[in-house]
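*Asks:* Before I ask anything, let me first share the structure, which is written out below as structure tokens.
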Amino acid sequence: MQAESEHPPIRTFKPRRGRITARQSLALEVSSPFLLDANQPLDLPTLFGGKRVIVEIGFGTGITTAAMATAQPDIGFLAIDVHTPGVGDLVARIHEENIANLFVIEGDAITVLESCIAPNSLLGIRSFFPDPWPKARHHKRRLVQPARIQLMASRVVAGGTWDLATDWLPYAEHIAEIMAMQPEWVGGPVDRPDWRPITHYEAIGLSNDRVITDFRYVRTGIAPM
Ligand SMILES: C[S@@+](CC[C@H](N)C(=O)[O-])C[C@H]1O[C@@H](n2cnc3c(N)ncnc32)[C@H](O)[C@@H]1O
């Protein structure tokens, strides 16, 4: 998805160091069947036993990811984040709570979507409180930008969905504006879905009196460019 001439590639995240707890580190050291390789093509039907699959990009702590997977056992969830402590937490949680329909990848979701996930293979994508990149010179790093929107469209089946939320009003305006120009998706702001628990970053936004905007976009049958 990154233009070949771009070097280094534009990333939607800033690598963060974080202290790793003993629980997180154990979850990452012990080979877990729920922690997948970020560099291998994925056979989703085999992995999830034929369940339809939703990818979550940027799950953070993963507490709400685990809750959503538990609430929908008939759906397969693939959760992707670059932040190692969160990955360790979520893998540990999957084992502690015996969650069978949730797999985790530590890596850049953009690369994973490009390299590991087949076109037209996802029921949906979820990205809750993606980094807002408020400075104008960083807007190109936002998850919701045309090239990445096209990538998402190429992976989601017609009729599938992309659910988003943000607590940053300028980013909400950006999402509404830019998505309205994409014929591969139709939708816009929606009431907060009752299936979405309050996430860690959302709680921080709420404690700072920020307005939360949820979006739902449905994949049209129009092929991505
Ligand atoms: C602001 S946090 C939100 C976390 C969580 N969804 C929440 O609401 O608490 C954004 C998360 O997205 C992750 N992230 C950003 N770009 C990513 C990418 N390209 N691939 C995977 N994770 C990404 C970051 O590491 C971070 O954990």
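*Asks:* What share of all Cα pairs of region 22-219, in percent, falls into each consecutive 5 Å distance bin?
*Replies:* Here the calculated profile for region 22-219 is 1, 8, 16, 21, 21, 17, 10, 5, 1, 0.
*Asks:* Could you give the size of the charge dipole of the chain about its Cα centre, using +1 on the Cβ of each K and R and -1 on the Cβ of each D and E, expressed in debye and rounded to the nearest 20? Write down the numbers at each step before the final one.
*Replies:* Numbers: 22 positive and 25 negative charges, 88 e Å.
Using only the charged Cβ atoms, the result is roughly 420 debye.
*Asks:* Moving to a separate point now. Please work out how much length the chain gains when fully extended from ASP194 to HIS95, using 0.36 nm per residue of separation minus the C-alpha to C-alpha distance, in nm with one decimal.
*Replies:* 33.0 nm
*Asks:* Give the percent of DSSP beta bridges with both residues in the chain that are antiparallel, rounded to the nearest 5.
*Replies:* Antiparallel: roughly 35 percent of the beta bridges in the chain.
*Asks:* Could you tell me which of LEU42, THR161, THR21 has its Cα farthest along the dipole of the chain towards the positive end, charges placed at Cβ (Lys, Arg +1; Asp, Glu -1), taken about the Cα centre?
*Replies:* Of the listed residues, the answer is THR21.
*Asks:* Moving on to the next point. Ranked highest first by average number of other Cβ atoms within 10 Å, how do 123-132, 67-76 line up? It would help to have the intermediate numbers written out before the result.
*Replies:* Values: 123-132: 21.6, 67-76: 16.3.
Listed from highest to lowest mean packing, they are 123-132, 67-76.
*Asks:* I would also like to ask the following. Per DSSP helix of 4 or more residues, -39500 (n - 2.57); summed, then divided by the residues of the chain. What does that give at 222 nm, rounded to the nearest 500? Intermediate values should be presented prior to the final figure.
*Replies:* Numbers: 8 runs with 71 residues, N = 225.
One gets -9000 deg cm²/dmol as the mean residue ellipticity at 222 nm.
Rule-based calculations on the coordinates, nothing more; no lab input. On a predicted model such as this, the values are computed, not experimentally measured, just so you know. When we count neighbours, we look across all protein chains shown, and the Cβ atoms used for this are built from the backbone with ideal geometry, even at glycine.
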